[in-house]
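K.L.:
Handing you a structure now.
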Amino acid sequence: MLTWIGGTAWNRNGDLVFQGGTQRGQGIYLWQRGRLTRLVHTNEEPRAPGNANIHWFNNQIALNGRGQVVVWANYDGGSGLLLFSDRTVQSVIANGGAAPGGGTFQGGVWQVAVDERGRVAFLTQPQGGTPGLFLWDGGQIRKVRQTGQPGPGGLPLTDLGPLVAAGDTFYVSLRYGNGQETTIEAFDGAAWRVAVASDFEYRVCNSFSAATNGDVVFMNCGSTGGVVLRKRDGKSIQVVSSTAPSAEGDWFLAFLGAGLTEQGEVLFSAVTPTGSRTRVGLFQAVPR
């Protein structure tokens, strides 16, 4: 019986993976097509590479459409980022291992994503190195973006994240010049593409989601606020804003997050008034 639930992640099929605790330890569980499966449990099979017992997991966890799971784990002799695929386990990075571009991987990762090809992208700052985006592909690791690199107008990259995967592409929010410019950029392993660039009307906040077809939905901190869908062809659709009510007459006081399904539906959470109080609700929209 589960006594607590920790980090969670989901894929575009509606599957859910989560960290859960029992009286005997911790496990990683997958809810897929209406069935709950325990993928791994501490001190049981499957084990970490080298047949090491796994002792605990942290909240950084990701899931792709094939059911592959990547999560940071502590095991005999160390800790690191592990990729679980069926009943096999691969090491992505190990704590203390050398990082491309200098330094060593220490203390976990900030965010992680896994695409449909089983490639793992993660954000971290190696000890002795600079923060950056790293890509693991079939056992090889490379740094693909790091702070300090020049961006729009020559502004230096100062911050990265959130990070998500959709299909065989990774999407990451990049902030330049301490927030003077924020973009959402797509990386397919070989080339970069700007998916969303900020302007006066549409300015990227810290929450976004992407679909396999290249569409991106994001929280807008620009003049109109709300939630915006940016199509792959560059067209922008204002899904909802704080200046207009919903079809049911709800006025939106604040937006908390937004997601995009493969079918093009937008799900978002928002704060609305109810009498003298407020409430948080989950809403669905189908942009046209």
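The values are calculated or read from the model by the stated rules, or taken from the named source; none is laboratory data. Just so it is clear, the structure is predicted and the values come from calculations on it, not from any experiment. Note that we place each Cβ from the backbone using ideal geometry, even for glycine, and neighbour counts take in every protein chain shown.
K.L.:
Looking at this structure, is Trp31 among the hydrophobic types (A, V, I, L, M, F, W, C), without any contact (Cβ under 8 Å) to a residue 24 or more places away in the chain and over 28 Å from Glu265 (Cβ atoms)?
P.N.:
Details: among the hydrophobic types (A, V, I, L, M, F, W, C): yes; without any contact (Cβ under 8 Å) to a residue 24 or more places away in the chain: yes; over 28 Å from Glu265 (Cβ atoms): no.
Criteria not met by Trp31.
K.L.:
Residues of the stretch 135-192 being small (Gly, Ala, Ser), surrounded by fewer than 14 Cβ atoms within 10 Å (Cβ to Cβ) and more than 25 Å from Leu260 (Cβ to Cβ), which ones? Let's see the steps before the verdict.
P.N.:
Step one: list which residues in the stretch 135-192 are small (Gly, Ala, Ser), which gives 138-139, 148, 151, 153-154, 161, 165-167, 173, 177, 179, 186, 189-191.
Filter again for surrounded by fewer than 14 Cβ atoms within 10 Å (Cβ to Cβ), leaving 138-139, 148, 153-154, 179, 190-191.
The answer is Gly138, Gly139, Gly148, Gly153, Gly154.
K.L.:
Can you tell me which residue is surrounded by the fewest Cβ atoms within 10 Å (Cβ to Cβ) among those in the stretch 12-31 that are at pLDDT below 90 and either of a type in the set (S, T, N, Q) or within 22 Å of the chain's Cα centre (by Cα) (or both)?
P.N.:
The extreme case among them is Gln23.
K.L.:
Also, quick follow-up: Out of the stretch 91-101, which residues are over 24 Å from Ala9 (Cβ atoms) and assigned to a strand (DSSP E or B)?
P.N.:
The one that is over 24 Å from Ala9 (Cβ atoms) and assigned to a strand (DSSP E or B): Ala98.
K.L.:
Also: Within the stretch 168-215, track down each residue that is aliphatic (A, V, I, L, M), out of contact with any Gly (no Cβ under 8 Å at 6 or more places or on another chain) and closer than 21 Å to Glu265 by Cα. Talk me through it step by step, then tell me what you get.
P.N.:
Going through the stretch 168-215, the residues aliphatic (A, V, I, L, M) turn out to be 172, 174, 184, 186, 190-191, 194-197, 204, 210-211.
In the following step, the residues that additionally are out of contact with any Gly (no Cβ under 8 Å at 6 or more places or on another chain) were identified as 184, 190-191, 194, 196-197, 204, 210.
Within the stretch 168-215, Ile184, Val196, Val204, Ala210 meet the criteria.
K.L.:
Using the structure shown, decide if Asn51 is modelled with pLDDT under 95, within 30 Å of Gln263 (Cβ to Cβ) and surrounded by fewer than 20 Cβ atoms within 10 Å (Cβ to Cβ). Break it down into steps so the answer makes sense when it comes.
P.N.:
Values: modelled with pLDDT under 95: yes; within 30 Å of Gln263 (Cβ to Cβ): no; surrounded by fewer than 20 Cβ atoms within 10 Å (Cβ to Cβ): yes.
No.
K.L.:
Oh, and also: Among Val70, Val92, Val114, which is out of contact with any Leu (no Cβ under 6 Å at 6 or more places or on another chain), surrounded by 20 or more Cβ atoms within 10 Å (Cβ to Cβ) and closer than 24 Å to Thr169 by Cβ? If you could, list the steps in order and put the result at the bottom.
P.N.:
Values: Val70 fails: out of contact with any Leu (no Cβ under 6 Å at 6 or more places or on another chain); Val92 fails: out of contact with any Leu (no Cβ under 6 Å at 6 or more places or on another chain).
Just a single option satisfies the conditions, and that option is Val114.
K.L.:
Then there's this: Of everything in the stretch 152-176, what is modelled with pLDDT of 95 or more, farther than 17 Å from Phe208 by Cβ and of a type in the set (A, V, I, L, M)? Give them in sequence order.
P.N.:
Leu157
K.L.:
Ok, one more. Among the numbered criteria (1) at pLDDT 90 or above; (2) under 19 Å from Asp115 (Cα atoms), which one does Arg87 miss?
P.N.:
The one condition Arg87 does not meet is (1).
K.L.:
Regarding Ala121, is this residue touching a Leu at 6+ places or on another chain (Cβ under 9 Å) and under 16 Å from Gly7 (Cα atoms)? Before the answer, list the steps.
P.N.:
On the way: touching a Leu at 6+ places or on another chain (Cβ under 9 Å): yes; under 16 Å from Gly7 (Cα atoms): no.
For Ala121, the condition - touching a Leu at 6+ places or on another chain (Cβ under 9 Å) and under 16 Å from Gly7 (Cα atoms) - is not met.
K.L.:
If you check Trp56 against the conditions, is it without any contact (Cβ under 8 Å) to a residue 40 or more places away in the chain, surrounded by fewer than 14 Cβ atoms within 10 Å (Cβ to Cβ) and more than 20 Å from Arg87 (Cβ to Cβ)? Steps first, answer last, please.
P.N.:
On the way: without any contact (Cβ under 8 Å) to a residue 40 or more places away in the chain: yes; surrounded by fewer than 14 Cβ atoms within 10 Å (Cβ to Cβ): no; more than 20 Å from Arg87 (Cβ to Cβ): yes.
Considered against the rule, which asks whether it is without any contact (Cβ under 8 Å) to a residue 40 or more places away in the chain, surrounded by fewer than 14 Cβ atoms within 10 Å (Cβ to Cβ) and more than 20 Å from Arg87 (Cβ to Cβ), Trp56 comes out as no.
K.L.:
Any residue that is over 30 Å from Gly118 (Cβ atoms) and either touching a Lys or Arg at 6+ places or on another chain (Cβ under 7 Å) or not hydroxyl-bearing (Ser, Thr, Tyr) (or both) - is there at least one of those in the stretch 202-209?
P.N.:
Applying the first criterion (over 30 Å from Gly118 (Cβ atoms)) to the stretch 202-209 yields 202-203, 205.
Pick out the ones that are also either touching a Lys or Arg at 6+ places or on another chain (Cβ under 7 Å) or not hydroxyl-bearing (Ser, Thr, Tyr) (or both) and you get 203, 205.
Yes.
K.L.:
When both residues are 6+ apart or on different chains and their Cβ atoms are under 9 Å apart, which pairs have a first residue that lies in the stretch 76-101 and is over 12 Å from Pro126 (Cα atoms), and a second that is among the basic types (Lys, Arg)?
P.N.:
Here the result reads Asp76/Arg47; Ser85/Arg66; Val89/Arg47, each pair linking the stretch 76-101 to a residue that is among the basic types (Lys, Arg).
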